[in-house]
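*Asks:* Quick one: the structure is below, and I'll ask about it shortly.
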Amino acid sequence: MKLFVGLGNPGPQYENTRHNIGFKIIDKLVDDFEARDISKNAFYGQLYRATNKLFLKPTTYMNLSGKSVLCVKQFFKIELEDIIVIHDDIDLPFGAVRFKRGGGHGGHNGLKSLDTHITKEYLRVRVGVGKPEYKSQVADYVLQPFHDKEIIKLDKLIAHVAKACTLLSQETLNEIKSTYSLKSIEKLR
């Protein structure tokens with residue numbers, strides 16, 4: 001069984017922020033697979049299931065995402081190599097997409113929480129959301145909505161990442177990397 005985790009914050013005030021790109025991609029996957037809601041309080045998140053796939057949106061807020069993932073991992077006895085985490089990445093320009101297993105958290109509080117709870121060796125789908133001009137602006141920047149120019153391209157980006165995630169059960173990581181990694185949203189047709 002594969003567990004797809006989208007990182008984000010619960011609540012309407014965060015729904016369209018950069019930090020919630022992971023939630024948006026999970027929503028697309030849930031729709032694509034017509035997954036059914038199997039959420040329970042014990043999972044600390046919204047959990048959906050479609051055959052051999054689980055889709056999780058932790059509702060613990062970003063900084064405590066690992067708690068939710070650990071509960072679902074343990075309940076369903078999911079192996080670390082079957083966990084795919086989709087998250088915003090300010091070190092990539094808007095629309096860039098990268099895939100990797102393990103690595104550092106880069107200051108991302110959701111990844112810090114995951115690393116603490118389940119170790120670092122899960123697969124990461126890094127979705128570029130751009131970067132503020134100054135490092136001191138990061139917290140405010142990721143909690144802002146996308147700009148109008150970005151919103152126009154957002155659906156295409158979400159669909160691209162969702163398709164790559166769908167194929168992760170059928171193709172190797174290297175095949176996914178070579179086909180679906182993007183340097184820029186402009187590379188999408």
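Rule-based calculations on the coordinates, nothing more; no lab input. This is a predicted model, so every value here is computed, not measured. In this analysis, Cβ positions are derived from the backbone assuming ideal geometry, glycine residues included, and neighbour counts consider all displayed protein chains.
*Asks:* What is the Cα centroid distance between the range 55-76 and the range 92-138, reported in whole angstrom?
*Replies:* Each part reduced to its Cα centre gives a spacing of 17 Å.
*Asks:* State, to one decimal in nm, how far the label point of S136 lies from the label point of K77, with both points 7 Å from Cα in the Cβ direction.
*Replies:* 5.3 nm
*Asks:* Rounded to the nearest 5, what % of DSSP beta bridges with both residues in the chain are antiparallel? Please list the in-between numbers first.
*Replies:* Working: 15 of 29 bridges.
Counting only bridges with both partners in the chain, antiparallel ones make up about 50 percent.
*Asks:* Then there is this: Rank the residues K135, K112 as a footprinting-exposure proxy: fewest other Cβ atoms within 10 Å of their Cβ go first. Before the final figure, lay out each step's value.
*Replies:* Details: K135 10, K112 17.
Final ranking by Cβ density, sparse to dense: K135, K112.
*Asks:* Report, as a whole number in µm² per second, the diffusion coefficient that Stokes-Einstein gives for the range 2-187 at 25 °C and 0.890 mPa s using the Kirkwood radius over alpha carbon pairs. Let's see the in-between values first.
*Replies:* Details: Rh = 16.2 Å.
For the chosen part, D equals 151 µm²/s.
*Asks:* Hey, another quick one. How much net charge surrounds L111 when only other residues with a Cβ under 11 Å from its Cβ are counted (Lys, Arg +1; Asp, Glu -1)?
*Replies:* That sum, taken over residues with Cβ under 11 Å, equals +1.
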